[in-house]
1. Filtering the stretch 14-44 down to residues that are in contact with a helix residue (DSSP H, G or I) (Cβ under 9 Å, 6 or more places away or on another chain) and of a type in the set (D, E, K, R), which residue is surrounded by the fewest Cβ atoms within 10 Å (Cβ to Cβ)?
2. What strands (runs of 3 or more DSSP E) lie completely within the stretch 21-94 and have 2 or more residues being at pLDDT 90 or above and within 17 Å of Phe11 (Cβ to Cβ)?
3. Among the residues of the stretch 45-62, which ones are more than 11 Å from the chain's Cα centre (by Cα) and crowded, with 17+ Cβ neighbours inside 10 Å?
4. Of all residues in the stretch 16-34, which are under 13 Å from Ile72 (Cα atoms) and in contact (Cβ under 8 Å) with a residue 24 or more places away in the chain?
Amino acid sequence: MSKRTLWKGPFVDYTLFHEVRLSTNFSIKTTSRNSVILPFLIGKTVNVHNGKFFLPLIINEDMLGHKLGEFIPTRLRHVYKKKIKKNGSKIKSK
């Protein structure tokens, strides 16, 4: 399951841990994608940095034990633009 040794325990960034303890309603911004999701984060909204901007992540019970970066994609999907005829109808491009 976890490759980190048991005596070290799960990794949580100190600034993330400190902000979660002090915050009440607002969302928390973090760049620590390698922090493990622990029970004190359940129900919070964490804005995780994906390399370009911050994406909101609402944490639930199913995410326990996983890392924050697993739920935020770092790469954008490439989408081809659709061609438009002069009269306004759309044509799918190949």
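1. The selected residue is Arg21.
2. In the stretch 21-94, the matching strands (runs of 3 or more DSSP E) lie at 45-49.
3. Passing the criteria: none in range.
4. Residues satisfying the conditions are Thr30, Ser32, Arg33, Asn34.
The values are calculated or read from the model by the stated rules, or taken from the named source; none is laboratory data. Note that the structure is predicted; figures quoted are calculated from it, not measured. A quick note on method: Cβ atoms are made from the backbone with ideal geometry, for glycine too, and the neighbour counts reach across all protein chains shown.
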